1. Might you check whether a residue that is within 30 Å of ARG696 (Cβ to Cβ) and not assigned by the TED database to the domain that holds ILE438 occurs anywhere in segment 587-604?
2. Determine which member of the set LEU238, LEU279 is assigned by the TED database to the domain that holds VAL219, assigned to a helix (DSSP H, G or I), open to solvent by less than 10 Å² (accessible area, probe 1.4 Å) and farther than 20 Å from LEU456 by Cβ.
3. Tell me the residue from LYS592, LYS634, LYS618, LYS560 that is open to solvent by 10 Å² or more (accessible area, probe 1.4 Å), touching a residue at least 60 places away in the same chain (Cβ under 8 Å) and of a type outside the set (Asp, Glu), please.
4. Regarding segment 256-263, can at least one residue be identified that is in the same structural domain as ARG326 (by the TED database) and touching a Phe, Trp or Tyr at 6+ places or on another chain (Cβ under 8 Å)?
5. For segment 567-577, indicate whether the set of residues that are assigned to a helix (DSSP H, G or I), surrounded by fewer than 15 Cβ atoms within 10 Å (Cβ to Cβ) and charged (D, E, K, R) is non-empty.
6. Here is a list: ILE659, ILE550. Which entry is β-branched (Val, Ile, Thr) and either surrounded by 23 or more Cβ atoms within 10 Å (Cβ to Cβ) or touching a strand residue (DSSP E or B) at 6+ places or on another chain (Cβ under 8 Å) (or both)?
7. Answer yes or no as to whether GLU264 is open to solvent by 40 Å² or more (accessible area, probe 1.4 Å), at pLDDT 95 or above and in a loop (DSSP other than H, G, I, E, B).
Amino acid sequence: QSEDSDKSSAESDSETEVEQVSGYHKLLATLKTSPESESEEEEDESESEEAEDSEAEMDSEGSQETGEAEGHEEDKNDVPEEEEGSTDTAEQMLSQEQADGTDTSCDPRHGVIEEFTDVKHESEFSLETNFMEEESGDCNADRRDSNPFKQHMDKELEEKEIEKMSTLPKTSSQSQWPRLGQVIFSSTLEKHKTLKADKEVDVKQLHLHKPLESTWPKVNKQLLSAVDKSTDSAFTPLQRELFCIMNSYRDLFYPERKALTNGEEIRHAYCLHALNHVLKANAQVLSNNARRRDRKPGTDTDDHRDQGLTRPKVLMIVPFRECALRIVHIFISLLEVNDKKKIDVSNKKRFKGEFGSDPEEKPPNLKRPEDYEAVFAGNIDDHFRIGVAILQRSMRLYAPFYSSDIIIASPLGIRTVIGAEGEKKRDFDFLSSIEILIIDQADIYLMQNWEHVLHLMKHINLLPLDSHGVDFSRVRMLNLNNWSKYYRQTLLFSALQDPQINSIFNKHCFNYTGQVAIRNVPLTGSISHVVIQLPHVFRRLEADSVTSVIDARFQFFIDKVLPEYRDAIMSHTLIYVPSYFDYVRLRNYFKKEDLNFTHICEYTKKAAVCRARRFFLKGEKQFLLFTERFHFYKRYTIKGIRNLIFYELPTYSHFYSEICNMLKAKDNGADATWTCTVLYSKYDAQKLAAVVGIDRTAQMLQSKKNVHLFVTGEN
């Protein structure tokens with residue numbers, strides 16, 4: 001009876017999933033993924049773990065009844081249908097710029113967001129009607145030639161230089177930096193002055209805007225090690241080298257951001273850079289306001305071009321509300337000179353309520369790896385956006401986008417504002433004059449929906465469709481010429497190198513000052529962290545192109561690999577599938593061939609997950625199809641694995657050792673029959689290097705034979 005329930009659950013799970021999935025369904029597929037309901041689904045996780053531990057003594061009847069009840073509930077609450085409804089709500093949001101005056105709280109945990117924008121403080125934070133306060137500004141200092149902000153924004157490109165950047169390939173050079181390692185510089189224009197890592201940085205030489213010179217050392221003090229403090233440095237070694245690149249206004253790609261180790265260092269560094277940029281830009285506008293006010297009638301004002309076509313200058317893309325909360329806290333800390341000079345923050349209480357988290361929401365007894373806890377700390381809602389306006393000693397949260405200096409948003413949050421072609425309510429004019437784009441934790445968007453990031457890149461720095469009340473006499477010529485993208489600095493941070501992330505940096509970054517990428521190669525690979533004795537067989541498949549490798553892998557699997565596992569003796573086989581659409585394709589094929597299998601993906605309900613794990617553990621199901629995104633969001637231990645197939649190499653290299661280490665012997669000698677098979681092609685070089693190390697990768701890509709590795713455990 002429970003098998004029938006599992007079958008019906010599987011069928012309901014696939015009602016809206018087909019092999020040829022449209023772009024629209026791709027969007028729906030990840031509007032809200034597992035973390036939205038994680039706190040609900042994981043409440044009984046410890047119970048299911050205990051049930052598995054008892055194995056033969058588990059109360060199968062009770063769990064079958066629960067499974068059937070919740071399995072039918074799954075039919076009524078099909079995931080994509082829920083998402084479609086929430087999409088309609090989300091698309092009505094930011095277009096309504098006026099607030100209704102009431103402080104109606106939103107509850108992101110239930111997917112309902114009521115858009116709120118602060119209109120009360122519009123005149124107070126208007127750039128057009130305010131002037132520089134003498135004590136707060138250092139505009140004269142900002143006019144110095146050595147000021148990086150002025151150097152970058154005042155550079156006047158010529159038509160022929162723009163044509164060069166549009167047509168000619170980039171030239172590259174590399175150097176070795178003490179902390180960053182191998183640094184690759186690339187540029188289309190003539191070679192710029194070589195950038196070298198500063199051994200020591202004097203904060204006063206960085207041309208930071210007041211009050212950042214005095215607040216940065218205090219704010220960053222908690223991140224400094226004892227060695228850094230002894231040298232009287234305001235930066236950690238990593239921050240010093242990263243900020244050196246940021247402050248030169250080059251594009252930056254750093255693929256070694258780890259939530260557990262250097263995540264906060266990096267966040268503080270880019271917050272300093274973004275805030276410094278905004279304060280300098282606004283100080284320039286306010287200073288010019290005073291000059292225009294005091295000018296004689298008939299004076300030429302063309303030298304006061306200091307603005308873009310729209311006000312937002314910095315766009316920060318982060319995955320979760322917790323990240324936005326930490327960024328705003330850093331901004332506030334950087335603006336407060338001392339306890340006596342507190343800055344005025346509008347809507348601070350509301351912000352803490354909507355972006356903070358309740359520590360009692362998550363059951364404390366769930367054990368997950370440290371990196372998981374670091375990534376999923378705090379409020380992990382992934383649908384949000386907020387405008388921030390900063391003027392001298394005040395900050396305005398929930399500012400309307402066209403009155404904001406900084407926009408902090410998730411990919412989904414920004415995607416629902418941009419909308420799609422043909423939709424009546426869509427808006428992306430506010431992206432027209434973005435001068436700094438920061439994409440943090442880019443690897444997580446591969447687990448959410450990468451299409452949202454691509455959609456953003458297609459709509460940034462386009463000419464606006466409406467003037468939005470701009471004074472064209474104040475607009476920079478670079479914006480009027482539609483050259484904004486050549487001045488935009490992009491800062492991209494990720495935990496890994498991936499072709500899709502690389503593509504963003506290579507194809508969507510046009511900064512005239514050039515690009516800087518950190519390209520260190522892994523020497524050992526995550527296979528060295530496999531602590532059990534396990535034979536690893538790497539089977540190479542051939543494909544003519546990147547696009548054909550998907551079909552080639554599927555054909556190779558069903559022709560060469562699967563037949564070896566059809567025999568009943570090869571039971572307890574887990575098939576790890578990184579791509580959701582590969583998973584759907586395999587599941588459909590397994591159903592068609594009437595194979596004895598069960599499956600778990602990121603949309604599978606808790607009851608169905610428990611059933612699948614139990615069937616697999618007991619051997620009632622020979623195969624278990626298992627998606628990478630489920631592992632990313634849940635990190636459950638799957639018990640009973642004897643044979644392991646990696647349909648494709650994992651996106652995160654440490655997932656390889658995690659999955660391999662799930663194989664545990666139940667009795668003496670049981671591990672002698674364990675197998676691990678990995679499919680790879682020549683297009684998987686980066687993922688392969690992260691698993692086996694660079695030396696083995698070079699050998700494996702040169703040879704067309706299968707590679708057998710036997711790992712005896714971690715030293």
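1. No, segment 587-604 contains no residue that is within 30 Å of ARG696 (Cβ to Cβ) and not assigned by the TED database to the domain that holds ILE438.
2. LEU238
3. Testing whether each residue is open to solvent by 10 Å² or more (accessible area, probe 1.4 Å), touching a residue at least 60 places away in the same chain (Cβ under 8 Å) and of a type outside the set (Asp, Glu) leaves just LYS618.
4. Yes: one or more hits.
5. Within segment 567-577, not a single residue is assigned to a helix (DSSP H, G or I), surrounded by fewer than 15 Cβ atoms within 10 Å (Cβ to Cβ) and charged (D, E, K, R).
6. Sole residue among the options that is β-branched (Val, Ile, Thr) and either surrounded by 23 or more Cβ atoms within 10 Å (Cβ to Cβ) or touching a strand residue (DSSP E or B) at 6+ places or on another chain (Cβ under 8 Å) (or both): ILE659.
7. No, not satisfied.
Residue-wise test of (1) of a type in the set (A, V, I, L, M, F, W, C); (2) buried (at least 19 other Cβ atoms within 10 Å of the Cβ); (3) outside the structural domain of MET246 (by the TED database).
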site	(1), (2), (3)
LYS424	no, no, no
SER433	no, yes, no
ILE436	yes, yes, no
MET447	yes, yes, no
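The values are calculated or read from the model by the stated rules, or taken from the named source; none is laboratory data. Owing to the predicted nature of the structure, the values given are computational and were not obtained by experimental measurement. All Cβ positions, even for glycine, are placed from backbone atoms using ideal geometry, and neighbour counts span all protein chains on display. Just the protein is used for accessible areas: all its heavy atoms, side chains included, with ligands, DNA and RNA removed. Shrake-Rupley method; radii C 1.70, N 1.55, O 1.52, S 1.80 Å.
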